[in-house]
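Pasting a structure below so you can have a look.
The values are calculated or read from the model by the stated rules, or taken from the named source; none is laboratory data. The structure displayed is predicted, hence computed values, not measured ones. Cβ placement follows ideal geometry from the backbone for every residue including glycine, while neighbour counts extend to all protein chains displayed. To get the accessible areas, we keep the full protein, side chains included, count just its heavy atoms, and leave off ligands, DNA and RNA. Shrake-Rupley method; radii C 1.70, N 1.55, O 1.52, S 1.80 Å.
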Amino acid sequence: MVISALPPLLPRVDAILILDGEGNRLAGKYYGDFLTSTSSSPSTTDEEKEPSSKPNLTVEDLRSSFERQLQTKIQGIAARPDAAEVITVNNKTAVFCGGTAHGATPSGSGGDVRVVHVGPNTESELLLAYLCEGMYEALGHLMGGQTDRNMVLDNLELVFLLIDEHCDGGIILEVDANKLAGSVLLRDEEENGDMMNGAGAGAEQAAAGGQAGGMPAMNGFSAAGFNIGMGARGLQSGDITIAQAFRQAKAQIIAGLSNPEGM
Amino acid sequence: DEEEVYYSPYANLEKSAVLQEARIFHDSQAVRENPRKCCTVIAQLLHLQNTGQFLNSTEATDVFFGVTKLFMSDDASLRRMVYLFIKEVAETCNPDDVIIVTSSLTKDMTCDVDLYRANALRVLARIIDSAMLGAIERYVKQAVVDSSGQVSSAALVSSIHLFGQASENAVVIKRWISEVQESTSSNNEMVQFHAMQLLYKIKQSDRLAISKLVQQFSSRNTLKSPLAVVCLVRYTAQLLHDEVSEGRLGDGYQGGSSVASMGYKFLESCLRHKSDMVMYEAARAICSLPRAEAQDINPAIILLQQFLSSSKPATRFGSMKILAAVSNTHPRLVAKCNEDLEALISDPNRFIATLAMTTLLKTGSENSIDRLLKQISAFLSEIADEYKITIVKSLQRLCYTYPAKHRVLVGFMSNFLREEGGFSFKKTIVNSIITLIKAVPETAESSLMQLCEFIEDCEFTMLSTQILHLLGEIGPTTSAPARYIRFIYNRVMLENSSVRAAAVSALAKFAASCPSLRPSIVTLLKRSLEDEDDETRDRTTMYVTVVEEAMEKFPYVPPAEDATPEEIRPDVPEEDDTAAFVLLGGMPISFDKLQRSLQVYQSSPGTMESTAPMTFSSLPVVEDSPEDTSSNDAVDDGFGDVGGADDGAVNGEPAEKVDPAAAVYAIPELAGLGRTFRSSSPVPLTETETEYVVSCTKHIFESHVVLQFNVQNTIDDQRLENVSVMLESDGELFEVTGEIPAETIKYGETGSCFTLLQRNDGVPIETSEFTCMLHFNVVQVDPSTGEEESDAFEEEYPLEDLEISTADFMAKVSVLDFRKSWETVGNSNEVLEKYALQFKDLESAVSSVINLLGMQPVDGTGSLKPNSEGKPHMLHLSGVFIGGHSTLARAQLGMQGGGVVLKIAVRSDDESVPRMVADCIR
């Protein structure tokens, strides 16, 4: 036999993490029994790591120790949104999009935030990359193209929902970025077909929400929509007001959406 | 500046504050007026979980009840958050509490909002049991074929989760097979993908159905979703693996069995699929096919070669990983990618670069080594230690392939010993060099010198002591032992106490083995008599005494000045030199085994009262445990985690083993037999699901065999009494001389009865067959109360035949040095035989010979060497036969004319044993 380990018959991910530039977990989800029991955790060859036999190690300790190992391997590597990078850590395959390279300032089209998919080391790297790229794109839509730490932290609610729409208990639910963003923003599937052509999802939603809810200050919202759209194309990144405007816009969208559509 | 003023709602959250906020859930008016606020609080709660501030059980339950009230609100986004929250806390809450939301969820599941239906389904799957699944079956089944992809996917994915949770669930879900089948042709790609997975789960246990499934979908070409095709490729690969392992492959993948050729054809066609992901999956599946020939794999290699220059790191990474693995078995096929591999050495992803490098080391030819080494030295300085370790391991392997290159390769590795690097990197190099010294003896002298120079400036105590020990072991056997003394003595002068202790031990070994060096070494050793470290001082005192005593008895006489080389006698100690005996003769048994042997000694009846002196030869024989034999010195091939966590597994303490003979010792009637020689593992005499499950453990004694029958009663309205096993045999070797029945065996319990066999010493040991019949009295009982409902009546139950083979009298005991032991035993009792065996391949022949003889394979000869196709295999076996006769066997197995030819030589210190052992082969 050439390769001893066959890939898992049911493709599954072990964890999805959203990390900031320093490797702090902004949001994330571990699936199945990955890093749930202290006994199953493989020990590391790193000498300075605490021994895994330490009795009072909690699940959280295991996870943050895993994330630290992950971070030492991915820091300084920037992965294009459409070309996820791959590393192996602790006998797992980790695939990620986003991040900034060594020395680069966290500006430019993306942000410093990384989306990391962790899978068994027998899982296809291409498959994991496909999932990761899909989710990273969706995150970009939701964050108006501004996937930096603050933007993600301010919109955690959307990020939680995104992870939930993307993956259910380790089984991939949806990969298409437009559909994902649509589901998170509570849009019906049918409408998804012709949306997201260039402008950020949030921007369109802002306009739609404003109209549907008959909210005041329409001008303000279209301005926000415009800015976010630019952000998504990477033309006007780093503008502080975008984040601000978007935040307000989103609050309105959801308020607006809930009235006509909430049964 | 505005950014500074604004605070994220999730920054610096305090658990208590959030819990306070969560009280809003109970205020129905506030919920109605401000659903946004509720959403934020839920998100904050989830964020708490996420940052490790877990709610305790009371807090979680409390909040959970609050959240259930939010079902009152019709706000869509709030409902979405509620679903999410229930899923997250379902695990931490009491399941009885969680169940109260089922009615709300069931309502949502049947409403007409797709979003609600999809999510309610997914939440329900987390909290219901199989009884409730039956209650909502109708809805889930409908949802599987729902027109909304979201709903359909949610139903399918939930079913996949539920399917694995309980067999009762599986029974329900299997009834939806036609709905699942229907959704595989959905327009929605994800629905196809999920339906495919569930369909496979449903059919998984039915090989024929799986083969039909693969055939159907591979020929119809209806799957649009690349993920679904990836799954289909995996199912096909699994099918082909099963086909091979169950021996139905026939004449290869292109022209063999119909399943095999259908499967291979499909995989091959997927190499031209439009999605990279599918193409890659097919290439990987083809490369992992067991017994694939070069022509089967070649199309996949061509594709992977193209992938090597992909702009996507994941594609290069995956392709590189497969090629690295294929290069172990088909280096020639991969060799045509060499140019692309060389280009990858500069890949920004260091894992890819390292794999490319190690693969090149396998596929490159002997004359490309020098060029490769140059590339490596440039490369090594810029990568992390874990990658360096992989490279060093590849270099070590390369040295086996091209022993002529050892000087260059070892020199190269030693250079890196002197460079910067962490402990594990240095340790790997040292271990590689030491392994090479043992495997390729030509490397010994130059390598030792390299290691000597390394310890001159080595910061790792463990490595220094290891190298010093090695110097003591093999330094004296080299052409000029004296040259190492200086290096060792420097350690005594300059190092910490552990290293000093190791250094004086090494010096003492030189003194013991080379009488000519004794006077000068004793002078050096004496300086350590005052060492401040107890261990070093004690060792030195002992060494000096022993060596000086030996010098007095056998004074060294230097050869005369004008002596010709022939006249100079070798510089070795005399036959009965005391220093050599004390310092060089090792223990006859490893410490680990000595410990186990002593434990057995202590536990066997009578021995503790015995006044006979305890010697090594009177200690019980202990067999090698499976852990000893599986010690892997195999070299990591860099596939999988580079420098992964592989060393960690060995640290676990071996589990305390229970002596299987303890049950026999506990029986007073059998105590007179003395100590068991060995006990077999239990042999089943029935199938595992019969009414009475019986297995037999054979305890071998010096002139008896005790058969311990373990009988399990699986009938709930029966109690068994007076259980025994009747044996019948034609042979003369054994005679039944005693029986100890099991008194009662209740339902669900296992009892043991014993049969004592006396072995006839005049008859040579050979395999004996026994027919077995279980005899017992049955008492009918009420299963619930245990009350008797009938009188006992006699009953018989036939068992499978039991065999006591010659191998049962052989203890699996390895020897430390097979070659030496083989010479020591000598050929006076040797038996040589030649057999033709009915095996199709060497692998099964080797394992069968090992089993037939019941001996322990040593020197790693128990399995075939990789890449040795066609060459005969040498098998070295060792064991101790009943009576304490150590027995050795050398066997050569080779393929000849479609069968296996076995030539075997057996030696023992007893004249009759080799014949009995050789006759085991049949």
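Checking the structure you have, find out if any residue of the range B:310-317 is over 21 Å from B:Tyr235 (Cα atoms), more than 8 Å from chain A (Cβ to nearest Cβ) and in contact with a Gly (Cβ under 8 Å, 6 or more places away or on another chain). If you could, list the steps in order and put the result at the bottom.
Start the filter on the range B:310-317 by keeping residues that are over 21 Å from B:Tyr235 (Cα atoms), which leaves B:310-317.
Next cut, more than 8 Å from chain A (Cβ to nearest Cβ) only: B:310, B:316.
Applying the additional criterion that residues be in contact with a Gly (Cβ under 8 Å, 6 or more places away or on another chain) yields none.
Scanning the range B:310-317 turns up no residue that is over 21 Å from B:Tyr235 (Cα atoms), more than 8 Å from chain A (Cβ to nearest Cβ) and in contact with a Gly (Cβ under 8 Å, 6 or more places away or on another chain).
A follow-up question, please. Please count how many residues of the range B:286-302 are hydrophobic (A, V, I, L, M, F, W, C), more than 9 Å from every other protein chain (Cβ to nearest Cβ) and either open to solvent by 10 Å² or more (accessible area, probe 1.4 Å) or within 28 Å of the chain's Cα centre (by Cα) (or both).
Total meeting the criteria: 3.
Let me ask something additional. Quick one: in the range B:685-717, which of the residues that are crowded, with 21+ Cβ neighbours inside 10 Å and not in a strand (DSSP E or B) is nearest to the chain's Cα centre (by Cα)?
B:Leu685
Go through the range B:47-77 and give me each residue that's open to solvent by 10 Å² or more (accessible area, probe 1.4 Å), under 41 Å from the mean Cα position of the chain (by Cα) and within 14 Å of another protein chain (Cβ to nearest Cβ).
Correct list: B:His47, B:Gln49, B:Asn50, B:Thr51, B:Gly52, B:Gln53, B:Phe54, B:Leu55, B:Asn56.
Still on this model: Answer with yes or no whether B:Ser186 is buried (at least 22 other Cβ atoms within 10 Å of the Cβ), in a loop (DSSP other than H, G, I, E, B) and within 13 Å of another protein chain (Cβ to nearest Cβ).
Here the answer is yes, as B:Ser186 does meet what is asked.
Taking the options B:Ala836, B:Ala905, name whichever one is part of a strand (DSSP E or B) and at pLDDT below 90.
On inspection, the qualifying residue turns out to be B:Ala836.
Among (1) modelled with pLDDT of 85 or more; (2) of a type outside the set (Asp, Glu); (3) more than 22 Å from B:His885 (Cβ to Cβ), which single condition is B:Lys865 missing?
If we test B:Lys865 against (1) modelled with pLDDT of 85 or more; (2) of a type outside the set (Asp, Glu); (3) more than 22 Å from B:His885 (Cβ to Cβ), just (1) comes out false.
For B:Asn722, which of the numbered conditions (1) in a loop (DSSP other than H, G, I, E, B); (2) over 24 Å from B:Ser679 (Cβ atoms) fails to hold?
Condition (1) is where B:Asn722 drops out.
Report the residue count in the range B:98-148 for those that are part of a loop (DSSP other than H, G, I, E, B) and over 15 Å from B:Val82 (Cβ atoms).
8
Just the residues that are out of contact with any helix residue (DSSP H, G or I) (no Cβ under 6 Å at 6 or more places or on another chain) and among the small types (Gly, Ala, Ser), please, taken from the range B:902-922.
Within the range B:902-922, B:Ala905, B:Ser912, B:Ala918 qualify.
Taking the condition open to solvent by 10 Å² or more (accessible area, probe 1.4 Å), farther than 24 Å from B:Asp716 by Cα and in contact with a Gly (Cβ under 9 Å, 6 or more places away or on another chain), does B:Glu766 pass?
Here the answer is yes, as B:Glu766 does meet what is asked.
Residues in the range B:492-501 that are open to solvent by less than 20 Å² (accessible area, probe 1.4 Å) and either among the hydroxyl-bearing types (Ser, Thr, Tyr) or at pLDDT 90 or above (or both): how many?
Total meeting the criteria: 2.
Here's something else I'd like to know. Just checking, how many residues over the range B:330-357 are in a helix (DSSP H, G or I), free of Cβ contacts under 8 Å to residues at least 40 places away in the same chain and either open to solvent by less than 10 Å² (accessible area, probe 1.4 Å) or within 14 Å of chain A (Cβ to nearest Cβ) (or both)?
Let us first name the residues in the range B:330-357 that are in a helix (DSSP H, G or I), namely B:331-335, B:338-344, B:350-357.
If we keep only those that are free of Cβ contacts under 8 Å to residues at least 40 places away in the same chain too, we end up with B:331-335, B:338-344, B:350, B:352-353, B:356-357.
Okay, now just the ones that are also either open to solvent by less than 10 Å² (accessible area, probe 1.4 Å) or within 14 Å of chain A (Cβ to nearest Cβ) (or both), so B:331-334, B:341, B:344, B:350, B:352-353, B:356-357.
Of the residues in the range B:330-357, 11 are in a helix (DSSP H, G or I), free of Cβ contacts under 8 Å to residues at least 40 places away in the same chain and either open to solvent by less than 10 Å² (accessible area, probe 1.4 Å) or within 14 Å of chain A (Cβ to nearest Cβ) (or both).
List every residue pair whose Cβ atoms lie under 7 Å apart, where the two residues are 6 or more positions apart in sequence or sit on different chains, the first residue falls within the range B:411-431 and is away from every other protein chain (no Cβ under 14 Å) and charged (D, E, K, R), and the second residue, located anywhere, is open to solvent by 20 Å² or more (accessible area, probe 1.4 Å) and assigned to a helix (DSSP H, G or I).
Pairs found: none.
Turning to a different aspect of this structure: Out of the range A:8-22, which residues are surrounded by fewer than 19 Cβ atoms within 10 Å (Cβ to Cβ) and either more than 12 Å from chain B (Cβ to nearest Cβ) or over 26 Å from B:Val278 (Cα atoms) (or both)?
Hits for the range A:8-22 are A:Gly21, A:Glu22.
Need the failing condition index for B:Arg80 against (1) in contact (Cβ under 8 Å) with a residue 24 or more places away in the chain; (2) of a type outside the set (Asp, Glu); (3) more than 9 Å from chain A (Cβ to nearest Cβ); (4) in contact with a Leu (Cβ under 7 Å, 6 or more places away or on another chain), just the number.
Here B:Arg80 clears every test but (3).
Within the range B:193-242, can you find the residues that are of a type in the set (Val, Ile, Thr) and in a helix (DSSP H, G or I)?
If the condition is that a residue be of a type in the set (Val, Ile, Thr) and in a helix (DSSP H, G or I), then B:Ile202, B:Ile210, B:Val214, B:Val229, B:Val230, B:Val233, B:Thr236 are the ones that fit.
Residues are listed down the side, and each one gets a yes or a no for (1) closer than 20 Å to B:Ile202 by Cβ; (2) open to solvent by 10 Å² or more (accessible area, probe 1.4 Å); (3) out of contact with any Phe, Trp or Tyr (no Cβ under 6 Å at 6 or more places or on another chain); (4) not polar (S, T, N, Q):
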{"position": "B:Thr102", "(1), (2), (3), (4)": "no, yes, yes, no"}
{"position": "B:Lys107", "(1), (2), (3), (4)": "no, yes, yes, yes"}
{"position": "B:Ile127", "(1), (2), (3), (4)": "no, yes, yes, yes"}
{"position": "B:Ala135", "(1), (2), (3), (4)": "no, yes, yes, yes"}
{"position": "B:Ser158", "(1), (2), (3), (4)": "yes, no, yes, no"}
{"position": "B:His161", "(1), (2), (3), (4)": "yes, yes, yes, yes"}
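Any idea which of (1) part of a strand (DSSP E or B); (2) over 26 Å from B:Ala671 (Cβ atoms) is the one B:Glu732 doesn't satisfy?
Going through the list (1) part of a strand (DSSP E or B); (2) over 26 Å from B:Ala671 (Cβ atoms), B:Glu732 breaks only (1).
Take A:Asp148 and decide whether it is within 16 Å of the chain's Cα centre (by Cα) and either hydroxyl-bearing (Ser, Thr, Tyr) or facing chain B (nearest Cβ under 7 Å) (or both).
no
Go through the range B:530-553 residue by residue and tally those that are part of a loop (DSSP other than H, G, I, E, B) and buried (at least 17 other Cβ atoms within 10 Å of the Cβ).
Of the residues in that region, 1 qualify.
In the list B:Met855, B:Met810, B:Met916, which residue meets the criterion of being surrounded by 15 or more Cβ atoms within 10 Å (Cβ to Cβ) and either among the acidic types (Asp, Glu) or touching an Asp or Glu at 6+ places or on another chain (Cβ under 9 Å) (or both)?
Answer to the check: B:Met916.
Here's a follow-up. Any chance the range B:413-435 includes a residue that's open to solvent by less than 50 Å² (accessible area, probe 1.4 Å), in a helix (DSSP H, G or I), out of contact with any Lys or Arg (no Cβ under 6 Å at 6 or more places or on another chain) and more than 25 Å from B:Leu355 (Cβ to Cβ)?
Yes, that holds for at least one residue.
Another question, then. Which residue is farthest from B:Lys426 (Cα to Cα), if the candidates are limited to the range B:446-459 and must be out of contact with any Ser or Thr (no Cβ under 7 Å at 6 or more places or on another chain) and open to solvent by 40 Å² or more (accessible area, probe 1.4 Å)?
Ranking the candidates gives B:Met449 first.
Results for (1) in a helix (DSSP H, G or I); (2) over 20 Å from B:Leu308 (Cα atoms); (3) open to solvent by 10 Å² or more (accessible area, probe 1.4 Å), shown as yes or no for each residue.
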position: B:Asp251; (1), (2), (3): no, yes, yes
position: B:Gln254; (1), (2), (3): no, yes, yes
position: B:Ala260; (1), (2), (3): yes, yes, no
position: B:Arg272; (1), (2), (3): no, no, yes
position: B:Tyr280; (1), (2), (3): yes, no, no
position: B:Arg284; (1), (2), (3): yes, no, yes
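Could you tell me which residue of the range B:192-230 is farthest from B:Ser152 (Cα to Cα), considering only residues that are away from chain A (no Cβ under 12 Å) and β-branched (Val, Ile, Thr)?
In this case the residue turns out to be B:Val214.
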